[in-house]
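This report refers to the structure that appears directly beneath it.
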Amino acid sequence: MKAYQNSTFKFAICVKSDDPDLLTPHIVYRILPDEKSEKSNYIRVIDNEGEDYLYPADWFYCC
């Protein structure tokens, strides 16, 4: 089991998607930290296929 220094996870609600097979509006997704992409207005999300990809930040409501 992998040990985490900070075990706080972040989540976001999808509000828009161009491919419902990958992202479904109104579903909560886990966000992975990615400082470089956040500066470009993207966030790294684990999608419906269980893979992490970059998506536009405005497609999500982040908590």
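The values are calculated or read from the model by the stated rules, or taken from the named source; none is laboratory data. Remember, predicted model here, so these are calculated numbers, not experimental data. Every residue, glycine among them, receives a Cβ derived from its backbone with ideal geometry; neighbour counts consider all protein chains shown.
Just a few scattered comments:
- Selection of first residues in the stretch 11-23 that are under 10 Å from residue 45 (Cα atoms) and of second residues that are basic (Lys, Arg), restricted to Cβ pairs under 9 Å at least 6 apart or on distinct chains, gives the following pairs, ordered by first then second residue: 11/30; 12/30; 23/16.
- Tally, over the stretch 33-51, of residues that are surrounded by 13 or more Cβ atoms within 10 Å (Cβ to Cβ) and either part of a strand (DSSP E or B) or modelled with pLDDT of 95 or more (or both): 7
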